[in-house]
Amino acid sequence: MGSIDFFAVARSVLLVGRVEGEENIRAVVQIKNNLAAFGHPKAFALSEDGFRWLGDYEITADEVLGGIAPKASQINLTLAAVAKWICKHIRLARCSRK
């Protein structure tokens with residue numbers, strides 16, 4: 001299974017990232033949807049008090065990514081690293097149960 005397969009098999013993919021200039025605010029933006037219309041971006045805040053939904057938020061995926069859309073090769077490298085980490089930890093979990 002290649003790293004792009006995780007993205008390709010999903011019917012919906014969400015991107016979560018920091019909002020520039022807002023230290024404690026994160027945005028959730030849908031970047032893939034094969035089932036229905038795209039959902040509206042949402043935001044949440046993280047603080048010492050915990051997690052708090054802020055609701056609808058006007059932001060695009062490009063803005064969450066810092067205005068620079070990553071190249072496909074960068075996405076593949078990132079997904080490959082995530083897949084490698086998951087496989088490693090699944091193996092460790094299996095070993096620790098024996």
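What follows draws every value from the coordinates through simple rules; no lab data is involved. Treat the numbers as computed from the prediction; the structure is a model and nothing was measured. When we count neighbours, we look across all protein chains shown, and the Cβ atoms used for this are built from the backbone with ideal geometry, even at glycine.
A few remarks follow.
- Taking every alpha-carbon pair in segment 1-69 and binning the separations at 10 Å intervals from zero gives 20, 44, 28, 8, 0 percent.
- Annotation: amide H-H contacts under 5 Å for LYS32 (H modelled 1.01 Å from N, sequence separation of 5 or more, or interchain): VAL13.
- Set of aspartates and glutamates with alpha-carbon distance to LYS42 below 19 Å, sequence-local pairs under 8 removed: GLU20, GLU22, GLU23, ASP56, GLU58, ASP62, GLU63
- Count Lys and Arg as plus one, Asp and Glu as minus one, and take only other residues whose Cβ is under 15 Å from that of SER47; the net charge is then -1.
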